[in-house]
Amino acid sequence: MNLHEYQSKQLFSDVGIPVLEGGVASTPDQARKIAEDLKVDTWVIKAQVHAGGRGKAGGVKITKSIDEVESIASSMLGSNLVTKQTDDKGLPVDVVYIESGTSIASEYYLSLLIDRAQESWTFIGSSEGGMDIETVADVSPEKIIRYTIDPKHGLKETELSSMADSLGLKNSAVTEFIDIQLNYFH
């Protein structure tokens, strides 16, 4: 199953996992209205396509101007976004996600995959998150952390604590990381 970012964030929000405020738009006017309703001074406009590398390909833009939100949305919508994970034609951008901007102290990568070989789920994480996780995997594979859940025993707090430590999480972030996993992914 492929989910767009906005769909994943809605699922997270529905179960109480904190996400930044945002909305999905299929027209520049809708993008402007969403930006106005967010009542912030920085917005991120994100093309919603099923491919990684959107930021490097121009599919993620940050602005401090409502007029630019509308203009960026106008240029993205109806275009095709070509990334490292698409063919030369790219993928059509039918909707954009307008999100509140925030200052970023650090970025992490975390995914939960169905591991067919192990007949279980596997968490994959890295303290080198953000853009270009594939390069991290190629250049510094030791910075990629994996935790396969034992299907007989489920999630273990000790394993999650070890993973949080390997990611470099500190203080309340460790508790939040463990609590979210134990409460929502078992």
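Worth a mention:
- Using a cut-off of 20 Å between Cα atoms, the listed pairs Lys33/Lys64; Lys9/Lys156; Lys61/Lys84; Lys39/Lys64 include Lys9/Lys156 as exceeding that distance.
- Over the chain, the alpha carbon radius of gyration divided by the compact-protein estimate 2.2 N^0.38 Å works out to 1.12.
- As a proxy for reagent exposure, ranking Leu169, Leu182 by other Cβ atoms within 10 Å from fewest up yields Leu182, Leu169.
- Trypsin sites (Lys or Arg not before Pro) within region 1-109: DSSP coil, no more than 10 neighbouring Cβ in 10 Å: Lys39, Lys89
- The magnitude of the dipole of the chain, with charges of +1 and -1 set on the Cβ of Lys/Arg and Asp/Glu and taken from the Cα centre, is near 140 debye.
- Quarter of Cα convex hull surface for region 10-93, i.e. mean projection, nm²: 5.8 nm²
- Theoretical ellipticity at 222 nm over the chain - DSSP helices of four or more residues, -39500 (n - 2.57) apiece, nearest 500: -10000 deg cm²/dmol
- Legend: ranking of residues His50, His153 from fewest to most surrounding C-beta atoms inside 10 Å; resulting order His153, His50.
Just so you know, all these numbers are worked out from the coordinates, no wet-lab data involved. Worth saying up front: this structure is predicted, and the values here are computed from it rather than measured. Using ideal geometry, Cβ is built from the backbone for each residue, glycine included, and neighbour counts are taken over all protein chains shown.
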